[in-house]
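Worksheet for the structure shown next.
The values are calculated or read from the model by the stated rules, or taken from the named source; none is laboratory data. Bear in mind that the values here come from a model prediction, so they are computed numbers and not experimental data. As a convention, Cβ positions derive from the backbone with ideal geometry for all residues, glycine included, and neighbour counts pool all protein chains shown.
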Amino acid sequence: MDELELFERLVQALRDGLAVALCMVIEKVGFTPRGIGSKMLVLEDGRFYGTIGGGRLERIVVEEALKAIKENRSRIVKLSLRGEHDLREDYLKTGMMCGGDISVFIDVIGVPRLIIVGAGKVGHAIARLADLLGFQIKVIDVSSEAANRERFPMAEEIVVDENLSKALNKVKLNSRDYVLILTGDPELDYEALRALCKREFRYLGLLGSPAKRDYLLEKLEKEEGVKLGDKPYFHSPIGLRINAVTPEEIAVSIMAEIIKEMRSHGSK
């Protein structure tokens, strides 16, 4: 596979909403199967393209790339091709006996994705700001009057269903998503929480007061057996405390919190 095809696959994966890791040999010592600049692309679903040397070396790099994607953190890995008797702690053993070492830069690439559940004034303000910040945006609501292409031209996908659980099931979600529940209706908020509570996300936020949060979480634990409040990715009330009042100010506070969370996970 030539580099043009490799990068075409990278771009297509990003368009499909997949995170990828571009793995490149950046240093070599002694004899190694491939030279500096050799590249391999690893997709979060486990598919990979290109080669940096084949064999167990490549399998280890794929494993490390998938870990890096999950953690959303780029890294450099050093691999020994000097056999199993290499005692250096900072080198991963490949079992190969070519006689050299290589260092591979695993560059995690992914467009952050924001799922907006509730297309009211706050959801609209957040979508506009998130678009400026480079997020992919999906909008979910029970009403086409609120969730439509005229109000959300920036959205990659708009899903409308009178049954909010069905609407959520129509959207392909993953553990890297940032999800905001913004319906403003306690019954719809609960329906969304119930549909999402057994999945993990990078961020799951519920708009509303502590009193509403506590009521909904208690009900969720009683009916679904899930202590969502104990999950590190769950946030409520959402947004940094900046005394926000207007929908636009609330959007700034929420996106600021998401950016803070995103950077703490090593996103670029």
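Scanning segment 19-41 for residues that are assigned to a strand (DSSP E or B) and either touching a Pro at 6+ places or on another chain (Cβ under 7 Å) or without any contact (Cβ under 8 Å) to a residue 60 or more places away in the chain (or both) yields 39, 40, 41. Within segment 61-81, being over 15 Å from residue 105 (Cβ atoms), in contact with a Lys or Arg (Cβ under 9 Å, 6 or more places away or on another chain) and assigned to a helix (DSSP H, G or I) holds for one residue alone: 70. Residue 150 fulfils the conditions (1) closer than 20 Å to residue 235 by Cβ; (2) without any contact (Cβ under 8 Å) to a residue 60 or more places away in the chain except for a single criterion, (1).
Looking only at residues that are among the small types (Gly, Ala, Ser) and closer than 25 Å to residue 259 by Cα in segment 206-233, which one is farthest from the chain's Cα centre (by Cα)?
Once the filter is applied, the top-ranked residue is 209.
Please determine, by comparing only the residues of segment 1-51 that are among the acidic types (Asp, Glu) and surrounded by fewer than 16 Cβ atoms within 10 Å (Cβ to Cβ), which one is farthest from residue 112 (Cα to Cα).
It comes out as 27.
Residue-level check: of (1) among the β-branched types (Val, Ile, Thr); (2) in contact (Cβ under 8 Å) with a residue 24 or more places away in the chain; (3) in a helix (DSSP H, G or I); (4) surrounded by fewer than 19 Cβ atoms within 10 Å (Cβ to Cβ), residue 111 misses just (3).
In segment 162-206, the qualifying residues are those that are surrounded by 17 or more Cβ atoms within 10 Å (Cβ to Cβ) and acidic (Asp, Glu), and the one that is modelled with the lowest pLDDT is 177. Kindly indicate whether residue 215 is closer than 28 Å to residue 111 by Cα, of a type in the set (Phe, Trp, Tyr) and assigned by TED's automatic domain parsing to the domain that holds residue 256. No; evaluated as a whole, the condition is false for this residue. Can you tell me which residue within segment 207-234, out of those that are in a loop (DSSP other than H, G, I, E, B) and of a type outside the set (A, V, I, L, M, F, W, C), is surrounded by the most Cβ atoms within 10 Å (Cβ to Cβ)? Ranking the candidates gives 208 first.
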